[in-house]
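The following block contains the structure, expressed as structure tokens.
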Amino acid sequence: MKVAVVGGGVSGLTAAYRLRTLLGPDAAITVCEASGELGGKLRTVEVGGTACDVGAEAFLARRPEALDLVHELGLTGRLRHPSGASSTLRAGGATVGLPKRTVMGVPADGDAVADVLSEAGVRAVTAESHLPPVRPIGADTSLGGLLRSRLGDEVVDRLVDPLLGGVYAGGADGLGLRAVLPALANALDAGAASITSAISAQLPDPAAPPNPAPVFGTLSGGLATLTTELAARAGAEVRLGVPVRALTLRDGGWRLTFGAVPAAHAPAAPDLDVDAVVLAVPAPAAARLLTDVAPDAAAAYGEVELASMAVVALALPAGTTLPDSSGLLIGAGERTGDGGRFTAKAFTFSARKWPHQSTAEGPVLLRGSVGRFGDLSALRATDDELVRRVREDLAELAGITAEPVEARVQRWGGGLPQYGVGHGDRVARIEAAVSGLPGVEVAGAALHGVGIPACIGTADAAARRVAARVTVGS
């Protein structure tokens, strides 16, 4: 049995590992990764001699997929959870605590956001429940448009957008309600008359005991530990550094052709003939590979827009004092003291957030995030300039001026898919079209969630469908 997995990020490596467990040691599994290394956005590097994640830094621990995989791989001893430090928000020129009675920044009532919004903004939230009932949202609608029309601009600009910026690097206006806040969409479909009442119903009962389960998790030594273990357990042949150029149906199976473009003057990587393929690549690559064999899927993938971003990791001298919070979110409309724009959209005070990264002798780690969908101005700066600008923001917002022991910049060009209006319909079109291709499955962040658990879930499901199909056909 021969199976190819195209894409060597967490989705592709999860698929390869699951295929190995299902198909056994005799299956020939090949992982094809266009870049020079495996792991995708789970990338861990040394900064100041300490392991630091410069892509994803955590996974949602209240979804089962990632946590279950960590246990299955025997990595439970490496599991780590955040400290109790809370997040902060830069709103209206002041740094305040992140409001509690909100869901992705959408408030349950005006009192919940009194420290974040102006008096007029609080009045708009309080009055929302007295507006005419929310109109039916139909197939989908802009999250930002709905919230602005009901709650006012400040809720979006000061609260929702900074939170979404950390997940999608995009704002609420360009994102779809159904994909980003499905619980709110479902509540409105079920007849909730207002947004605040729908959000209030989603919040836990204040009289109930708190949920003791941690919200987030990571691994000591960095999240690349997960992809490294997946790659080792998959036991796959790995082809690095040459993209898959074409996917064609051949003799009841599939042929993968390699190379960015045909080049008569360069030796071509050998074609790979397989029984089945899992495509776990970003939307543009998936669209290119499916253009001839599943044009409807390719067209739907082509509608998925991407955002670029960068992580600036700083190792500060031992003993540097960080703010008493896990991090700071910064809205696009916030201004510096001289009226300019902040370069950073968020800071993670890693040594404060993750107890295992805080030692008396070691460097003090933190991360600055840069880049918003539709705005590439900050990302055009050189690495040195980016570090300088982020440090200026850090000095103004947190009073930290210490010279870093080391700084690292990791850029993620087109790294985050945007779940725009109608995203669910696009995914349905992709999956319907691909279902007609015998032995081809898709997985990854462009489908059912950008987080690590969602990526693992799509990959595991794709691998199980491939294994069921090729086993029946053998």
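Tell me, Glu403, Glu431 in order of fewest to most beta-carbon neighbours within 10 Å? Could you put the intermediate results ahead of the total?
On the way: Glu403 10, Glu431 15.
Ascending number of Cβ neighbours within 10 Å: Glu403, Glu431.
Arranged from highest to lowest average of other beta-carbon atoms within 10 Å per residue, in what order do the peptides 126-133, 147-154 appear?
147-154, 126-133
Assuming 0.36 nm per residue, please report the length gained on full extension of the stretch Arg411 to Asp292 beyond their Cα-Cα distance.
Values: separation 119, 0.36 × 119 = 42.84 nm, distance 3.15 nm.
Once the chain is fully extended between Arg411 and Asp292, it gains 39.7 nm.
Counting pairs of alpha carbon atoms under 8 Å apart in space and at least six apart in sequence, what relative contact order in percent does the stretch 1-139 give?
Numbers: 125 pairs, mean separation 16.9, N = 139.
Relative contact order comes out at 12 percent.
Is the shape of the stretch 109-155 best called rounded, prolate or oblate, per the rule: a/c under 1.5 gives rounded, else a/b larger than b/c gives prolate, else oblate, with a ≥ b ≥ c the square roots of the Cα gyration tensor eigenvalues? Working shown, then result.
Values: a/c = 2.94, a/b = 1.82, b/c = 1.62.
Judged from the Cα gyration tensor, the stretch 109-155 comes out prolate (a/c at least 1.5, a/b above b/c).
Now a separate question. Only bridges with both residues in the chain count here: give the DSSP antiparallel percent, nearest 5.
Values: 49 of 69 bridges.
Once the DSSP bridges in the chain are tallied, antiparallel ones form about 70 percent.
Compute the separation of the alpha-carbon centres of the stretch 163-220 and the stretch 279-308 and state it in Å as a whole number.
Taking the Cα centre of each part, the stretch 163-220 and the stretch 279-308 sit 28 Å apart.
Next up: Thr21 versus Ala428, label points 7 Å from Cα toward the beta carbon: distance in nm?
According to this spin-label approximation, the distance is 3.1 nm.
Does the stretch 109-217 come out rounded, prolate or oblate by the C-alpha gyration tensor, with a ≥ b ≥ c the root eigenvalues, rounded set by a/c under 1.5 and, if not, prolate when a/b is larger than b/c and oblate if not?
On the way: a/c = 1.17, a/b = 1.13, b/c = 1.04.
It comes out rounded by the Cα gyration axes.
I'd like to know how the stretch 228-380 sits against the 2.2 N^0.38 Å rule of thumb: what's its Cα Rg over that expected value? Please list the in-between numbers first.
Numbers: Rg = 22.7 Å, N = 153, 2.2 N^0.38 = 14.9 Å.
Rounded to two decimals, the normalised Rg is 1.53.
Also: Residue by residue, what Karplus-based ³J(HN,Hα) values in Hz, rounded to whole numbers, does the stretch 389-399 have, using 6.51, -1.76 and 1.60 with θ = phi - 60° and x for Gly and Pro?
5, 5, 5, 5, 4, 4, 5, 6, 7, 10, x
Applying the Karplus parametrisation 6.51 cos²θ - 1.76 cosθ + 1.60 with θ = phi - 60° to the phi angles of the stretch 458-465, what ³J(HN,Hα) value in whole Hz is obtained for each residue in order, glycine and proline being reported as x?
For the stretch 458-465, the Karplus curve yields 5, 5, 4, 5, 4, 5, 5, 5 Hz.
Would you order Arg429, Arg367 from fewest to most other beta-carbon atoms within 10 Å of each residue's own beta-carbon?
Working: Arg429 18, Arg367 24.
Least to most surrounded, the residues fall as Arg429, Arg367.
Quick check on the exposure proxy: order Val103, Val364 from fewest to most C-beta atoms within 10 angstrom.
Going from sparsest to densest Cβ surroundings: Val103, Val364.
Quick one: which residues, 5 or more positions from Gly327 or on another chain, have an amide H under 5 Å from its amide H? H modelled 1.01 Å from N in the peptide plane, none for Pro or chain starts.
Close amide H contacts, sequence-distant or interchain: Thr88, Phe349.
Okay, next question. Cα axis of helix 224-234 to longest principal axis of the chain: angle in degrees, 0 to 90, nearest 10?
Taking the Cα atoms of the chain, the angle to 224-234 is about 20 degrees.
DSSP loop (so not H, G, I, E, B), at most 15 other Cβ within 10 Å: list which trypsin sites (Lys or Arg not before Pro) in the stretch 1-40 pass both filters. Spell out each step's value before the answer.
On the way: sites: Lys2, Arg18, Arg20; in loops: none.
Taking the stretch 1-40 and a limit of 15 other Cβ atoms within 10 Å, no loop trypsin sites (Lys or Arg not before Pro) are found.
Also: Would the stretch 360-474 count as rounded, prolate or oblate if I go by the C-alpha gyration tensor, calling it rounded below 1.5 in a/c and otherwise prolate when a/b exceeds b/c, oblate otherwise?
Working: a/c = 3.70, a/b = 2.32, b/c = 1.60.
It comes out prolate by the Cα gyration axes.
Output ³J(HN,Hα) for the stretch 245-259: one whole-Hz value per residue in order, computed from phi by the Karplus curve 6.51 cos²θ - 1.76 cosθ + 1.60 with θ = phi - 60°, and x for Gly and Pro.
Calculated HN-Hα couplings, in order: 8, 8, 10, 9, 6, 8, 6, x, x, 10, 10, 9, 10, 10, x Hz.
Put +1 on the Cβ of every Lys and Arg and -1 on every Asp and Glu Cβ in the chain; which of His423, Leu13, Ala120 then has its Cα farthest towards the positive end of the dipole?
Projecting each Cα onto the dipole axis, the largest value belongs to Leu13.
Take the alpha-carbon centre of the stretch 1-42, take the same for the stretch 84-104, and report the distance between them in whole Å.
First find each Cα centre; the distance between them is then 40 Å.
Each value in this text was obtained by applying a stated rule to the coordinates, not by laboratory testing. Since this is a predicted model, take the numbers as computed values, not measurements. For neighbour counting, all protein chains shown are included, and Cβ atoms are generated from backbone atoms with ideal geometry for every residue, glycine included.
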